[in-house]
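Worksheet for the structure shown next.
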Amino acid sequence: MADDYELRRIGAGDLDRLAEADPRLADPARAAHIGELLAAELSWAAFDAGGALVGFAVVTRRFFGFPFVDLLVTAEAARRRGIGSALMGRCEAAHDADRIFTSTNESNAPMRALLSRDGWRPAGVIHYLDPGDPELVFVKLRAPGD
């Protein structure tokens, strides 16, 4: 359950900790890119009861000025416990716009299922980013008065 985790805002100073959930950050190019995105100070991480970082969501406002969840990562050992949904929910609640966007590859069935379950709506398709695997764009609209 995601209730077993604490969600905290993260920034560029937390980049080294993110490798606890995402071993691909060993790639210097990936780490540099994520570090630049974290500088927006709009991102969130989930920490277990022992203080280990078990997931994170990187958020920017580079998508036509709207909040955009650029990356959602849950540590492999912590998957299917609601952490991804909890992080996406925090991203939704923390922004000040009337909508928030994200995207995922068509082949990413777990992320597509999470987005569908949590009420995200399809908003478009981008072809040719990853040949043969279109990028699907999703939006979550804020209810009036929220």
Quiz item: Do we find a residue being of a type in the set (Ser, Thr, Tyr) and part of a helix (DSSP H, G or I) anywhere in segment 27-49?
Solution: no
Scanning segment 66-81 for residues that are more than 16 Å from Ala113 (Cα to Cα) and at pLDDT below 95, the one surrounded by the most Cβ atoms within 10 Å (Cβ to Cβ) turns out to be Ala78
Pairing a residue in segment 56-67 that is more than 25 Å from Pro23 (Cα to Cα) with any residue that is among the β-branched types (Val, Ile, Thr) and surrounded by 14 or more Cβ atoms within 10 Å (Cβ to Cβ), where Cβ atoms lie under 6 Å and the two sit 6 or more apart in sequence or on different chains, gives Pro67/Val59; Pro67/Ile100
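Grab the strands (runs of 3 or more DSSP E) fully contained in segment 82-146, keeping just those with 2 or more residues being touching a helix residue (DSSP H, G or I) at 6+ places or on another chain (Cβ under 7 Å) and surrounded by 18 or more Cβ atoms within 10 Å (Cβ to Cβ). Walk me through how you get there before you give the answer.
Working: elements: 99-105, 121-126, 135-141.
Because the criterion is at least 2 residues that are touching a helix residue (DSSP H, G or I) at 6+ places or on another chain (Cβ under 7 Å) and surrounded by 18 or more Cβ atoms within 10 Å (Cβ to Cβ), the strands (runs of 3 or more DSSP E) in segment 82-146 that meet it are 99-105, 135-141.
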Pairs returned, first residue in segment 28-50 that is open to solvent by 60 Å² or more (accessible area, probe 1.4 Å), second residue that is among the acidic types (Asp, Glu), beta-carbon separation under 8 angstrom, 6 or more apart or interchain, are Ala49/Asp4
When you check Ala77 against the structure, is it in contact (Cβ under 8 Å) with a residue 24 or more places away in the chain and within 22 Å of Glu6 (Cα to Cα), yes or no? no
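The values are calculated or read from the model by the stated rules, or taken from the named source; none is laboratory data. These numbers were taken from a predicted model, which means no experiment stands behind them. We place every Cβ from the backbone using ideal geometry, glycine too, and count neighbours over all the protein chains shown. All accessible areas refer to the heavy atoms of the entire protein, side chains included, with ligands and DNA or RNA removed. Shrake-Rupley method; radii C 1.70, N 1.55, O 1.52, S 1.80 Å.
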